[in-house]
Amino acid sequence: MQPSLASRLRMALVMSLAVYPIVTLYLYTLMPLTPGWEMWQRSLVLVPFMATTIVMLIVPFISRHFGAFIAGKRKSTAATA
């Protein structure tokens, strides 16, 4: 069964919010180390770091903490005695 459009949009939103600051941090770190480099050369260095960060850190974190939100499931509010 394929995820619904709403579920994919929620995943895209959460991924964007998680990836943007990491990319920005990596760029701020990379830019002073690579003065005079072309954009494609910087990207060649940046992409492996970013892909590894996404696969090893961001996706597991999102799955663990935002899985119910992405799936569209509401947390149970029933109180247990």
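We did not get these values from a lab; they are worked out from the coordinates using the rules stated. A quick note: this is a predicted structure, and the numbers were derived from the prediction, not measured. Every residue, glycine among them, receives a Cβ derived from its backbone with ideal geometry; neighbour counts consider all protein chains shown.
Per-structure values
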item: Extension gain (nm, one decimal) between residue 51 and residue 9, 0.36 nm per residue minus Cα-Cα; result: 13.1 nm
item: Estimated distance in nm for a label pair at residue 25 and residue 42, the labels positioned 7 Å out from Cα along Cα-to-Cβ; result: 1.9
item: Span-rule helices in the chain, defined as complete DSSP H runs reaching 18 Å or more along the axis (Cα) with Kyte mean at least 0.0; result: 5-33, 39-53
